[in-house]
Amino acid sequence: MQHEELKIKLAELLTSATFEEGGEWTTINVEAADWLVFAGQLRNDDSLFFDYLFCLTCVDWKTHLIMVYHLSSTKHRHNMVVKVKLDRNKPEIETVSHIWRTAEFHEREVYEMFGVNFLNHPDLRLLILPDGWEGKNPLRKDFEDPVNMIKL
Amino acid sequence: MFITRYIKEVWGAVKSLTTGMKRTLYYFTHHKEIITEQYPDNRDTLVLPDRFKGEVVMPHNESNEHRCTGCTACELACPNGTIKVITRFDITPEGKKKKAIDKLVYHLELCTMCGLCIEACPSDAIKMAQTFEHSVFDRNKLTKVLNNPDSKIMEGVE
Amino acid sequence: MWSFSYIANEIHEWLSKTFNPTWTLIIEMVLAGVAVIGLFAVLGLILVIMERKVSAWIQIRLGPNRVGPKGMMQSMADTVKLMVKEGLTPTGADKIMFNVAPVIAMIVAMLLLAPIAFAKNFQLWDLNIGVLYVSCVSSLMVISILMAGWSSNNKYSLLGAMRSGAQIVSYELSAGLSILTIIVFTGDLQMSKIIASQKTGWWIFKGHIPALIAFITFLIAVTAETNRAPFDLAEAESELTAGFHTEYSGMKFALFFLAEYVNVFIVCAIGATLFLGGWMPFHISTWTGFNHVMDYIPSSIWFFGKTFFLIFVIMWFRWTFPRLRIDQLLNLEWKYLLPISMINLLVATLMAMMGWHF
Amino acid sequence: MYKEPEILSNYALGSNSGVSLGEGDFQINFGPQHPATHGVLHLVITLNGETIKKVEPHLGYIHRSIEKMCESLTYRQFIYVTSRMDYLSAHINNHACALAVEKGLQVEVPARAQVIRVLMDELTRIASHELWWGAMAMDLGAFTPFFHAFRERESINDIMEETCGARLTMNYMVPGGVMHDIHPNFQKRVKDFLQLYKRKIHEYDELVTGNIIFQNRMKGIGYLSAEDAVSYGCSGPAARGSGVSSDIRKIYPYEIYDKLEFDEVLETAGDSFARYMVRIKEMHQSIRIIEQLIDNIPEGDFQAKTKNVLKLPKGDFYTRVETARGELGVYIVSEGGTTPYRIKFRSPGFSNLSVLDHMARGSKIGDLVAMMGTLDLVIPDIDR
């Protein structure tokens, strides 16, 4: 499906969503509350069929966090980006690991690196950081590590 | 039939195993296929390609002159903070102040041999040397000063 | 003149003249013990360097080439290294069993040397059930591996030991059956008589196809019994780090290492005795001149030559094949080797009854 | 910051992990130092006898936080760090980053540079597959193929050393092209390599592929269905072994891949042997690409003119390339400055590792090693 077509279809599915222009792929902003239902529709709708979540990450914008989901369809070969804005002090979002199994690992990574709490995640534990890690989440902008200098 | 299939299976297995054994026997008997390089015995004949990135050096000519103007382009280009340019101001015969390097400090222990400093240098003052035996007993020896003592900038390099 | 049997007889005569019979026997036993231990050490050194060179050439490498002439002293250096290493015993281990296991491995290997004929008339003990003795004692090897694996208090070791238990017990069967094929032909269990029966030709030639099949089965089975690749599941480096000897270090590890190589030597020696005529030279029936030349080569060289050829074949296996999985290993034994060797034994018995072999 | 955990054995299965320790079950730590993990991967395996009940990866032993490091490096500098992620396909990682920066700057890369880049990518892919082939055979207990694979790989490394100046972490790609022109000997040496490769390639089949033990160890092991492969985000040979068409070079062509003749290798069996065959055949396809290009390197610049200080416009830039292990995504969020605001590397190994638990359940411990071999896990790529 082409960009314009996809936009119309997506706007039908979720009326509250806004689109972001300028990117390479169709980019849609979704509220955190709508995300779980919307994700299921993206995966299961035959004309959309976004079955391949190829990138899941988070960006810390100092005032808020933004979850970024890159989706692709192996059937229709179209791509889209979903952005979900989260509260920085209490970031919570529903997990999508039962829709795209790959999200399980990626969400665990985001959980420890950004402190985003994924609700109903089957196994939300530290994956990369050592057991017993306390304190801030390393990829947030205000993280400073006095032992291992990262900035030069 | 079961028996023929069984025999075929065994026969195929034996055949595939002997193919592999033939190959290894070939290498066992053909010693000229050996590819081992006996470093450090072959040190004299070992030639490294001229582009090999081993270490940053600053070439000097016979009258102890280099081409570095002290512009700090290499220092800015380096991703690891490997290079530190310490500049001083020389008084030229005309009485003007001119920037020149006092020391160009190079931390070999931090260097990843990416070659970005060489690319960045506008006056071709530094280049990569083809050395690779960098081990020393003291870490301090890895911090090097690239310009020779009392060296001067070459005429005509701006 | 300078054959092994000559030297042995000289020593025996001198001892008989000097001491009374009891002392003679005791001194002879001590001498034999020293000789066996010496043989172990020498075998260990030679086989390790041989393995390393064979693997190197197969893998287009040079192999050890620094210590001594052409690297031949490399295994000496390794021995020194292993001897000066600290032999750790893990805290949670069963100390007695842990330390006894490698010794048992060595004792089993030593016992196995008794009935082997190294040269003409040169044998420690020519007992009348030689072959039976060998197949009985060799199955004791599994005890040391099980002890080592269980007492280490390490899950990898335990897994390795359990694998090894299943493996050795099942492969004993087809090794035994293939030995039985030759016994059916000879009609005797005594080593010297088995060798004597091959005076006119080795069993691998005389016994037609059944002997050949038995020989191949024997090779596969003993490779498995000595835990060598492709059947090295007890060690399985890439799966169980080092299997049953994961926790061993220093001299205790060296004993296991040595026992493995001595076991390889012994099974190859038995294979050479049963199928390739032991110390018997290679004869072609009517070529008298050729047979004469062959007779001129000392019997010990014939024996060691054949044995080392078989050892090379087993090493060749090791450096060519990938490892089997545990269920495939047992499949191979119970579904392929065992039925084949049983049918083979049946055919061999028929042949022996009808006198169809040469 | 880091506190020693109070309970040392908190690797015990969590209540929500789906499997509980039954009678006769036990757990072993597979790694971080283990001969088969080829690095510092730590798997906690729950076993019942020899049968695997659960595989649980614990990562982070070689985590260097490359994503955070890149936030303080300029667009020219950050490329070199990515060589250290998947060190076996360093060129392709650098290529992905260079492409992402070029996408932001909207620089046209000269034709010569494009061809050189593709040539280097394919050589890297062959070198990476060679190492995988040897290492995987070694995992299965055959030691000889490892050395035979290194013979061919070594000649690729020599080519790299001559042209790029380094053997493993070349840092040859720069935004706008490549750092230097190719070495005058390059074409001749590549042709020599092709000859050597063609002379030796049949030995791979003799030693490993055709071997009955190897086939039995591989066939039917580690089955992965096409739906699972997509759902778990598998890419590269791991997905193509299950029949999922996922070659980025074909689907979303970059550089000159759309003008080249090569096939996307697809196997439908979905087992370890299928993944093995995909990689073996992929080497042939790479050879095909190199043969098409080696005599047709166009004349011209090897680098586009770019500004001294690169500044990406505000926005998101995402590039996908096909590395030897699968799809590598580089996601740059720019605020308009000289350094990226946030970088995310979507590494193929991370997603491919997540499928291991699903694949391995119910199989033997020896199979796990074979599966890990065919997934071709490179640990720095997983940890980043």
Legend entry - Number of the condition not met by D:Arg112 [criteria: (1) assigned to a helix (DSSP H, G or I); (2) buried (at least 24 other Cβ atoms within 10 Å of the Cβ)]: (2)
Inset, instruction - Check D:Thr124 against each of (1) surrounded by fewer than 24 Cβ atoms within 10 Å (Cβ to Cβ); (2) away from every other protein chain (no Cβ under 14 Å); (3) touching a His at 6+ places or on another chain (Cβ under 7 Å) and name the one condition it does not meet. - result: (1)
Legend entry - Members of segment B:19-56 found to be farther than 30 Å from C:Leu332 by Cβ, facing chain D (nearest Cβ under 9 Å) and part of a helix (DSSP H, G or I), listed by number: B:Glu33
Inset, instruction - Mind listing whichever residues of segment D:315-338 are in a loop (DSSP other than H, G, I, E, B) and of a type outside the set (Ser, Thr, Tyr)? - result: D:Ala324, D:Arg325, D:Gly326, D:Glu335, D:Gly336, D:Gly337
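Condition check ((1) outside any helix (DSSP H, G or I); (2) facing chain A (nearest Cβ under 10 Å); (3) modelled with pLDDT of 85 or more; (4) surrounded by fewer than 24 Cβ atoms within 10 Å (Cβ to Cβ)) across all residues:
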{"position": "D:Pro340", "(1), (2), (3), (4)": "yes, no, yes, no"}
{"position": "D:Gly349", "(1), (2), (3), (4)": "no, no, yes, no"}
{"position": "D:His358", "(1), (2), (3), (4)": "no, yes, yes, yes"}
{"position": "D:Gly366", "(1), (2), (3), (4)": "no, no, no, no"}
{"position": "D:Thr374", "(1), (2), (3), (4)": "no, no, yes, no"}
{"position": "D:Ile382", "(1), (2), (3), (4)": "no, yes, yes, no"}
Inset, instruction - Please determine, by comparing only the residues of segment C:235-258 that are within 14 Å of chain D (Cβ to nearest Cβ) and on the phi > 0 side of the Ramachandran plot, which one is surrounded by the most Cβ atoms within 10 Å (Cβ to Cβ). - result: C:Ala236
Legend entry - Subset of segment B:102-142 that is of a type in the set (S, T, N, Q) and either closer than 26 Å to D:Val309 by Cβ or not in a helix (DSSP H, G or I) (or both) - its residue that is nearest to the other protein chains (Cβ to nearest Cβ): B:Thr112
Legend entry - Meets criteria (in contact (Cβ under 8 Å) with a residue 12 or more places away in the chain, more than 14 Å from every other protein chain (Cβ to nearest Cβ) and over 30 Å from D:Ala135 (Cβ atoms)) for C:Thr24: yes
Legend entry - Qualifying residue in segment D:72-81 (condition: touching a residue at least 24 places away in the same chain (Cβ under 8 Å), of a type outside the set (S, T, N, Q), more than 8 Å from every other protein chain (Cβ to nearest Cβ) and surrounded by fewer than 24 Cβ atoms within 10 Å (Cβ to Cβ)): no
Inset, instruction - Would you be able to say whether some residue in segment C:297-306 is closer than 19 Å to C:Leu113 by Cα, of a type outside the set (A, V, I, L, M, F, W, C), assigned to a helix (DSSP H, G or I) and in contact with a strand residue (DSSP E or B) (Cβ under 8 Å, 6 or more places away or on another chain)? - result: yes
Inset, instruction - Could you give me the residue pairs with C-beta distances under 7 Å whose first residue belongs to segment C:262-273 and is in contact (Cβ under 8 Å) with a residue 40 or more places away in the chain, whose second residue is among the hydroxyl-bearing types (Ser, Thr, Tyr) wherever it lies, and which are 6+ apart or on separate chains? - result: C:Asn263/C:Thr226; C:Val264/C:Thr226; C:Phe265/C:Thr307; C:Val267/C:Thr226; C:Cys268/C:Thr307; C:Ala269/C:Thr307
Legend entry - When residues of segment B:130-158 are limited to those that are under 15 Å from B:Ile83 (Cβ atoms) and out of contact with any helix residue (DSSP H, G or I) (no Cβ under 9 Å at 6 or more places or on another chain), the one surrounded by the fewest Cβ atoms within 10 Å (Cβ to Cβ): B:Val145
Inset, instruction - Would you be able to say whether some residue in segment D:252-261 is within 14 Å of chain A (Cβ to nearest Cβ) and closer than 30 Å to B:Cys74 by Cα? - result: no
Legend entry - Number of positions in segment C:201-241 that are in contact with a His (Cβ under 6 Å, 6 or more places away or on another chain) and part of a helix (DSSP H, G or I): 1
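If only one of C:Thr79, C:Thr22, C:Thr18 is surrounded by 15 or more Cβ atoms within 10 Å (Cβ to Cβ), among the hydroxyl-bearing types (Ser, Thr, Tyr) and out of contact with any helix residue (DSSP H, G or I) (no Cβ under 6 Å at 6 or more places or on another chain), which one is it?
Numbers: C:Thr22 fails: surrounded by 15 or more Cβ atoms within 10 Å (Cβ to Cβ); C:Thr18 fails: surrounded by 15 or more Cβ atoms within 10 Å (Cβ to Cβ).
None of the others qualify; the one that does is C:Thr79.
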Legend entry - Residue check for B:Pro59: within 14 Å of chain D (Cβ to nearest Cβ) and within 17 Å of B:Ala129 (Cα to Cα): no
Legend entry - Residue under evaluation C:Glu247, criteria (1) part of a helix (DSSP H, G or I); (2) among the acidic types (Asp, Glu); (3) over 13 Å from the mean Cα position of the chain (by Cα), criterion not met: (1)
Inset, instruction - Quick one: which strands (runs of 3 or more DSSP E) lie wholly within segment A:1-111 and hold at least 1 residues that are in contact with a helix residue (DSSP H, G or I) (Cβ under 7 Å, 6 or more places away or on another chain) and within 12 Å of chain D (Cβ to nearest Cβ)? - result: A:52-60, A:64-72, A:79-87
Inset, instruction - Among the residues of segment B:1-37, write down those that are farther than 17 Å from D:Pro145 by Cβ and among the aromatic types (Phe, Trp, Tyr). - result: B:Phe2, B:Tyr6, B:Trp11
Legend entry - Test set (1) without any contact (Cβ under 8 Å) to a residue 60 or more places away in the chain; (2) among the polar types (S, T, N, Q); (3) under 21 Å from D:Ala142 (Cβ atoms) - C:Thr320 fails condition number: (1)
Inset, instruction - Would you be able to say whether some residue in segment D:123-133 is more than 30 Å from C:Arg325 (Cβ to Cβ), hydrophobic (A, V, I, L, M, F, W, C) and touching a strand residue (DSSP E or B) at 6+ places or on another chain (Cβ under 9 Å)? - result: no
Inset, instruction - Output yes when any residue across segment D:318-327 is crowded, with 24+ Cβ neighbours inside 10 Å, of a type in the set (D, E, K, R) and away from chain A (no Cβ under 12 Å), and no when none is. - result: yes
Inset, instruction - Would you please name the residue that is nearest to the other protein chains (Cβ to nearest Cβ), looking only at residues in segment D:43-56 that are buried (at least 20 other Cβ atoms within 10 Å of the Cβ) and within 24 Å of the chain's Cα centre (by Cα)? - result: D:Glu56
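Between B:Ser16, B:Ser63, which is in a loop (DSSP other than H, G, I, E, B), modelled with pLDDT of 80 or more and among the small types (Gly, Ala, Ser)?
Checking each option against the conditions leaves just B:Ser63.
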Inset, instruction - Considering every residue within segment D:307-316, establish whether at least one is at pLDDT 85 or above and either surrounded by 22 or more Cβ atoms within 10 Å (Cβ to Cβ) or of a type in the set (S, T, N, Q) (or both). - result: yes
Inset, instruction - Determine whether segment D:263-275 contains at least one residue that is among the basic types (Lys, Arg), touching a Ser or Thr at 6+ places or on another chain (Cβ under 7 Å) and more than 14 Å from chain A (Cβ to nearest Cβ). - result: yes
Legend entry - Condition check for B:Lys8: out of contact with any helix residue (DSSP H, G or I) (no Cβ under 8 Å at 6 or more places or on another chain), more than 9 Å from chain D (Cβ to nearest Cβ) and in contact (Cβ under 8 Å) with a residue 24 or more places away in the chain: no
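The values are calculated or read from the model by the stated rules, or taken from the named source; none is laboratory data. Keep in mind that this is a model prediction, so the values were computed, not measured. Glycine also receives a Cβ, built like all others from the backbone with ideal geometry; neighbour counts cover every protein chain displayed.
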